[in-house]
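Beneath this line is the structure, given in structure tokens, with notes to follow.
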Amino acid sequence: MADWHAPSGPFDIPEVPNFIPRRLKPYLFIFFVLIVQFSGGVYLAAASDMVGTTAMMQEDILMAGYASLIGLAINFAVMFRIKFRFSTRIQLLVCAIVLIVANLICASTTSVPVLVITCFFAGWFRMQATLACNSTIQLWLTPVRDMAIFFCYVYIIVDSVIQLSGIATVYTAFSFQWEYMHWIMTGLLALMIVMVLILVKPVRGPMFIPLLGIDWIGAILWAGFMMCFTFICVYGNYFDWWDAREIIGATLIGLACLVINLWRASFLHHPYISFRAMKNRNVIRATGIYLVFFTLMATEHVFEHSYAANILGFDETNLIDLNWYVFFGIIAGCAFTYLTFALRKWRYKTMTLIAFALAAMYLAYFYFFIDYGVEKEMLFIPLFLRGAASVIISIVFLTSIVQGGLPFQVFPQALTINGFTGAVMGATLGPAIIGELLRHTVAKNAALLGATITNANTDIIGAPLDRLYGMVQIQALVVSMKEIYGWLLIIALASLSLILISGNLARPFAIFPKWSTIRRVIKHVVRTSDYVS
């Protein structure tokens, strides 16, 4: 672990043999992280191709993709326990094997439940492998364990890979078939296994901590709640919300899982997520900010693809090329956050203001410039701003949770809450709200525009009925998008005003505890566990 990598002198990784130059050892683990991050189950960029070949719906593919995020979030609460139970070598080998199996299943199955469950476990093991690698090189990245610096590295890897995997997936599907992306990642994971077997020694930490005292029932119940929440958001419009028994059933099951978990947390010594984590001020603040911010950014999922494909007429390759604009925004956002927030210790309030200002500029750009004749290059500015804003808000408020004053045994639970609210809710709740609003707004505007056709000139009246209908729908879509962008811009400006008058003057100072301290805490948790006699 990090404590015995470099007790004195230059940083070193004893798990890696000395025939590998010391300076190159950290880059080996960065290479492993990149492979793991590219392997997350389904590739949402290939959703249209999968729908055409597997008879699945778009919602099915989205549900599987979000199940991977749920698996990732659930893992946070126990990832350190697993880290101290198994060596880095074992963790990487097992995770790589599981991800290979997941890729093979995702490339061949036509069963939605199988796909969703597979992606859930793929997300779990992807997170564990990522922790195994990142914790190994943490002291190389920041010898003083400054988590603001560390999270800049984490997000530049994670968010960049999201954009790059979409680009790689679409171009692979364009040149071959969408399944080839899974074959490519299977090959890279096999290469990773070979490299781990050769280049990573089975070095175990000085203290062996068994997997006792983990509330696995709570983990299953929290996963069930998150799955039900995601199901409602993804399939709500398809099933017409609570008019359908599927949505009612998911709501009842989700509420039951939540109530049982809260009840169990009232008497268990070490529940999977404790009230102390739920009631932490920084966790609550981050949850509120995420809900507002990612709802404002939900137009990414609802509008941008429809606008670029249906109105601007972009094909799949031109659509995915827009990911490059977001990618550059992510790089710039991480660099800016590193220089200002991590190094210069700018206040949380200042960084939040900057992120919301960028979000407001993104919304304002589309509100004022959305039209039929927008060139592809003109989309660089708003997408760049969106990428920078999202990564800034994520780094800042994840760091705030580290600074929340939570003891270490509770801190991973707060990360699970952060993962659910920031990743899962951010990707599902906002799009569900904005998508439903768009549906009603388009219907309203289409009715108003359709009523004006009787006043149109003779040439228009003489056009075919289907052409008239298509013109009305496209015009209604543009008008509705502009209208919703305007309302979201007002909310963004109101949020900016509230942040501006707030009195939060805190600066980042969080220092991650030493691995020896973490081991002592986990050992105490095991001794005082409800499940240990």
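The values are calculated or read from the model by the stated rules, or taken from the named source; none is laboratory data. A quick note: this is a predicted structure, and the numbers were derived from the prediction, not measured. Neighbour counts run over all protein chains shown; Cβ positions are idealised from the backbone, glycine included.
Worth pointing out:
- The one condition from (1) in contact with a helix residue (DSSP H, G or I) (Cβ under 7 Å, 6 or more places away or on another chain); (2) small (Gly, Ala, Ser); (3) surrounded by fewer than 19 Cβ atoms within 10 Å (Cβ to Cβ) that Gly373 does not meet is (1).
- Contacts under 6 angstrom Cβ, first residue in the range 89-110 being within 19 Å of Leu72 (Cα to Cα), partner polar (S, T, N, Q) and not in a helix (DSSP H, G or I), 6 or more apart: Leu99/Ser39
Residue-wise test of (1) in a helix (DSSP H, G or I); (2) more than 15 Å from the chain's Cα centre (by Cα); (3) surrounded by 24 or more Cβ atoms within 10 Å (Cβ to Cβ).
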position	(1), (2), (3)
Met378	yes, yes, no
Gly387	yes, no, yes
Pro407	no, yes, no
Ala414	yes, yes, yes
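- Set Ile253, Ile248: member being within 21 Å of Ala64 (Cα to Cα), surrounded by fewer than 21 Cβ atoms within 10 Å (Cβ to Cβ) and touching a residue at least 24 places away in the same chain (Cβ under 8 Å): Ile253
- Some residue of the range 328-348 being under 30 Å from Met471 (Cβ atoms) and touching a Lys or Arg at 6+ places or on another chain (Cβ under 7 Å): no
- Once the range 106-127 is narrowed to residues that are closer than 19 Å to Glu179 by Cβ and modelled with pLDDT of 90 or more, the residue that is surrounded by the fewest Cβ atoms within 10 Å (Cβ to Cβ) is Val114.
- Filter result for the condition that a residue is within 17 Å of the chain's Cα centre (by Cα) and at pLDDT below 90, over His301, His305: His301
- Complete set of residues in the range 57-111 that are out of contact with any Pro (no Cβ under 6 Å at 6 or more places or on another chain), charged (D, E, K, R) and under 27 Å from Pro210 (Cα atoms): Arg81, Lys83, Arg85
- Within the range 449-500, the set of residues being modelled with pLDDT of 75 or more and either outside any helix (DSSP H, G or I) or more than 30 Å from the chain's Cα centre (by Cα) (or both) comprises Ile474, Gln475, Ala476, Val479.
- One residue from Tyr272, Tyr290, Tyr307 being buried (at least 18 other Cβ atoms within 10 Å of the Cβ) and part of a loop (DSSP other than H, G, I, E, B): Tyr272
- Residue among Ala308, Ala355, Ala342 that alone is farther than 20 Å from Ile499 by Cα, out of contact with any Asp or Glu (no Cβ under 8 Å at 6 or more places or on another chain) and in the same structural domain as Ile474 (by TED's automatic domain parsing): Ala308
- Pairs with Cβ under 8 Å, 6+ apart, first in the range 20-48 and outside the structural domain of Gln128 (by TED's automatic domain parsing) and more than 13 Å from Gln163 (Cα to Cα), second of a type outside the set (Lys, Arg) and assigned to a loop (DSSP other than H, G, I, E, B): none
- Count of the range 105-120 residues which are out of contact with any His (no Cβ under 7 Å at 6 or more places or on another chain) and part of a helix (DSSP H, G or I): 11
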